[in-house]
Amino acid sequence: MAKNFDVAVIGAGPGGYIAAIRAAQLGLNTVCIDEFESVDGRPSLGGTCLNVGCIPSKALLESSENYERALHKFGEHGINIKDVSLDVATMLARKDKIVQQFTSGIGLLFKKNKVSSMHGHGRLTGGGEAFQIEVKGKDGSETINAKNVVIATGSVPRQIPGVKVDNVSVCDNTGALSLKEVPGRLGVIGAGVIGLEMGSVWKRLGSEVTILEALPTFLGAADEGIAKEAWRIFTKSVGLDIKLGSKIDAVKVGKKAISVQFEHEGASQKLDFDRLVIAVGRVPNTQDLGLESVGVKVDARGFVEVDERNRTAVANVYAIGDVVRGPMLAHKSSEEGVAVAETIAGQHGHVNLEHIPWVIYTSPEIAWVGRTEQQLKSDAVEYRSGQFPFIVSGRARALGETAGFVKMLADAQTDRILGVHILGPFASELISEAVVAMEFGATAEDIARIVHAHPSLSEAMHEAALGVDKRFLSL
Ligand SMILES: Cc1cc2nc3c(=O)[nH]c(=O)nc-3n(C[C@H](O)[C@H](O)[C@H](O)COP(=O)(O)OP(=O)(O)OC[C@H]3O[C@@H](n4cnc5c(N)ncnc54)[C@H](O)[C@@H]3O)c2cc1C
């Protein structure tokens, strides 16, 4: 007889596994279905984020930054190391170990919270009193019933038509995180978050990196001031060769090189690479999900249509994370997971999409929350701004990481904080103060009057807040 559940979550990424845990905590009989397998064919929970996204990329970023510090930065501290060398296999093994620890940890969390876990491809086959979901695994298939369904199937890399990804020569994020040796010439198509992060890793490890970006602007979603300074740093200091406005015409994989033919600045050009990374964004994953069997709709771009509380038009079917509108970020997926579980349990789950922090883990890091200066201008909002450079921060000087600044934007009349933009060391950590402040409706004056530890990077946030009222104390 088919098993019956209160909630079936399809997908065990940061959206799905969190939704399942929260639902079980609230007393709902919950199953989480996931099909992801590691390269050796083992079920591996945690979705894109834990397996081939956030966690492995940050592990490699840290390793590559350490390598660069040992090569170029330790000297000024009086630490002299002879014969610094790179062992890519050990670096990858460390990354794989971190991934393995986290992915197996999800299984333990499921046990602790009494979430049932099923491995296989989940597909809706019908509705009625309950929904039927067929779970197809290696050893056959089983159909279960669930009163509520949460679709958390995430996203997959966008493909370039005619370009075959083999994850050896031509890679998406999965291959880019596992290159066995440092390519001499690395081509990256796409200067978005993933392209910049991956390009930076392999550049630090020794590759000549060229990034081809179709758009004429750099980091269009970021505040223009941040994007401009980041461009200067990434192209001049980091040494990434970023060619904006490049239209890819053809990619040919030969025995000796991968040739990319593209149009740039009005001319047809060709570059040869040893490895190519395709990072042209991600698309929602609704493949073979059986949405039509219950009447769930997707929009023109393939996202599952949901309202502000992640409800689809079909009662008791919800969708969260990368498969729905909003930024494709792990923490956004997780918060939607919590909200949906609470809604199913009769509570009032809610996520404020206005205050989702964005982070790009380059060096220096970029992070922001709220509106950019260009958005405020185009919305004709009167604002005041305070900008404080890290070069004046004692802690940043001690770290030797002085590039960048904190910029705070506040409403000219009410002083309420409208956006905070950071380029600099540990921007990913610093942004949390701004998120908390904005969620509590704080003003720049509130932050200016809060004591910040000295010497700390957070003093730059304090000074930016003071700067909104043109009363810097250290500038
Ligand atoms: C290289 C890289 C770096 C990133 N770095 C960051 C970062 O630093 N910070 C950040 O916030 N975000 C980052 N992201 C984005 C982040 O990984 C995603 O936003 C996040 O994983 C989305 O979570 P999700 O739960 O919606 O979906 P996913 O994590 O994609 O999980 C979906 C899961 O559902 C499974 N699935 C799909 N269809 C079915 C089905 N029919 N049946 C069963 N299982 C199914 C998939 O196999 C997968 O396991 C990064 C992404 C990449 C690629």
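The values are calculated or read from the model by the stated rules, or taken from the named source; none is laboratory data. Because the structure is a prediction, the values reported are computed rather than measured. FYI the Cβ positions are ideal-geometry reconstructions off the backbone, even for glycines, and counts take in every protein chain you see. For accessibility, only protein heavy atoms count, side chains too; no ligands or nucleic acids. Shrake-Rupley method; radii C 1.70, N 1.55, O 1.52, S 1.80 Å.
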TODO: Counting other Cβ atoms within 10 Å, keep those with at most 15, restrict to DSSP loop, and tell me which trypsin sites (Lys or Arg not before Pro) in the stretch 210-270 are left.
DONE: LYS255, LYS256
- [ ] Would you mind getting the accessible area per residue of the stretch 344-403, heavy atoms of the protein chains only, 1.4 Å probe, in Å²?
- [x] 50
Task: Two-decimal Rg/Rh across the stretch 1-45, once Rg and the Kirkwood Rh are taken from alpha-carbon atoms - done: 1.05
Open item on the list: Using the crude model of +1 on Lys and Arg Cβ and -1 on Asp and Glu Cβ, and no other charge, please compute the dipole size for the chain relative to its Cα centre, in debye to 20.
Closed with: 840
- [ ] Compute the whole-percent fraction of alpha carbon pairs in the stretch 75-126 spaced more than 16 Å apart.
- [x] 69
- [ ] Take the Cα atoms of the stretch 34-128, find their three principal axes, and give me the spread along each one in whole Å, biggest first.
- [x] 70, 25, 21
Task: Solvent-accessible area, 1.4 Å probe, carbon plus sulfur percent, for the chain - done: 52
Open item on the list: At 1.4 Å probe radius, can you tell me the per residue accessible area of the stretch 23-132 in Å²?
Closed with: 55
Task: Vicinal HN-Hα couplings computed from phi for the stretch 13-23 (Karplus, 6.51 cos²θ - 1.76 cosθ + 1.60; Hz; Gly/Pro x) - done: x, x, x, x, 5, 5, 4, 5, 5, 5, 4
TODO: About the Cα centre of the stretch 288-370, how large is the charge dipole given +1 on each Lys and Arg Cβ and -1 on each Asp and Glu Cβ? Please answer in debye to the nearest 20.
DONE: 60
Open item on the list: Suppose the chain between ARG158 and GLN25 were pulled fully straight at 0.36 nm per residue; how much longer would it get relative to their current alpha carbon spacing?
Closed with: 44.3 nm
TODO: Apply the Karplus parameterisation 6.51 cos²θ - 1.76 cosθ + 1.60, with θ equal to phi minus 60°, to every residue of the stretch 166-174 and state each ³J(HN,Hα) to the nearest whole Hz, in sequence, with x for glycine and proline.
DONE: 10, 6, 10, 8, 10, 10, 9, 4, 4
Task: Residues whose placed amide H lies under 5 Å from that of VAL9, excluding near-sequence neighbours - done: VAL31, CYS32, ILE33, VAL150
Task: Accessible-area order (highest first, 1.4 angstrom probe) of the listed residues SER141, SER44, SER85 - done: SER85, SER141, SER44
- [ ] Take the alpha-carbon positions of the stretch 340-457, form their convex hull, and give its projected area averaged over all directions (one quarter of the hull surface) in nm².
- [x] 9.0
- [ ] Please give the direction-averaged projected area of the C-alpha convex hull for the chain, in square nanometres with one decimal.
- [x] 25.4
TODO: Can you run the Rg to Rh ratio on the stretch 17-78? Use alpha carbon positions and the Kirkwood inverse-distance Rh.
DONE: 1.28
Open item on the list: Counting heavy atoms of the protein chains only and a 1.4 Å probe, report the per residue accessible area for the stretch 174-285 as a whole number of Å².
Closed with: 44
TODO: For the stretch 197-322, take the alpha-carbon Rg, divide it by the Kirkwood Rh, and send me Rg/Rh.
DONE: 1.11
Task: Full-stretch length increase - ARG42, GLU263 - with 0.36 nm per residue and alpha-carbon distance subtracted - done: 75.3 nm
- [ ] Identify, among ALA89, CYS49, ASN66, the residue whose Cα sits farthest towards the positive end of the charge dipole of the stretch 25-97, taking +1 on the Cβ of Lys and Arg and -1 on the Cβ of Asp and Glu, with the dipole about the Cα centre.
- [x] ASN66
- [ ] Sort all Cα-Cα distances of the stretch 237-301 into consecutive 10 angstrom bins from zero, then give the percent of pairs in each bin up to the one containing the longest distance.
- [x] 15, 32, 22, 19, 12, 1
Task: Hz values of 3J(HN,Hα) by residue in the stretch 459-470 - Karplus curve (6.51, -1.76, 1.60), Gly and Pro given as x - done: 4, 5, 5, 4, 5, 4, 5, 4, x, 4, 9, 6
Task: Most positive-pole-ward Cα, PHE131, PRO357, THR210, against dipole of the chain from beta carbon charges - done: THR210
Open item on the list: Out of all DSSP beta bridges in the chain, what portion is antiparallel? Express it as a percent rounded to 5.
Closed with: 65
Task: Computed lengthening from ARG309 to SER237, 0.36 nm per intervening residue step minus Cα-Cα distance - done: 21.5 nm
- [ ] Quick one: Debye curve from the alpha-carbon atoms of the stretch 95-233 only, equal weights, vacuum; give me log10 I(q)/I(0) at q = 0.09, 0.19 Å⁻¹ to two decimals.
- [x] -0.49, -1.15
- [ ] Return the long-range amide H neighbours of VAL298 (sequence gap of 5 or more, or a different chain), with a cut-off of under 5 Å between placed amide H atoms.
- [x] GLU305
Task: DSSP beta bridge pairing in the stretch 30-155, given as percent antiparallel to the nearest 5 - done: 75
Open item on the list: Ranking request for peptides 418-425, 107-114, 176-183: highest mean number of other beta-carbon atoms within 10 Å first, then the rest in descending order.
Closed with: 418-425, 176-183, 107-114
Task: Partner lysines for LYS236 [C-alpha distance under 21 Å; skip if fewer than 8 residues away on the same chain] - done: LYS73, LYS203, LYS228
Task: Top positive-direction residue, dipole computed over the chain with Cβ charges, set ALA221, PHE273, ALA460 - done: PHE273
Task: Where labels lie 7 Å past Cα in the beta-carbon direction, separation of ARG471 and GLU65 in nm - done: 3.5
Open item on the list: Shape verdict for the stretch 267-386, please, from the Cα gyration tensor: rounded (a/c under 1.5), prolate (a/b greater than b/c) or oblate.
Closed with: oblate
Task: Candidates per GluC sites (Glu not before Pro) in the stretch 249-336, loop by DSSP, up to 12 other Cβ within 10 Å - done: GLU265, GLU308
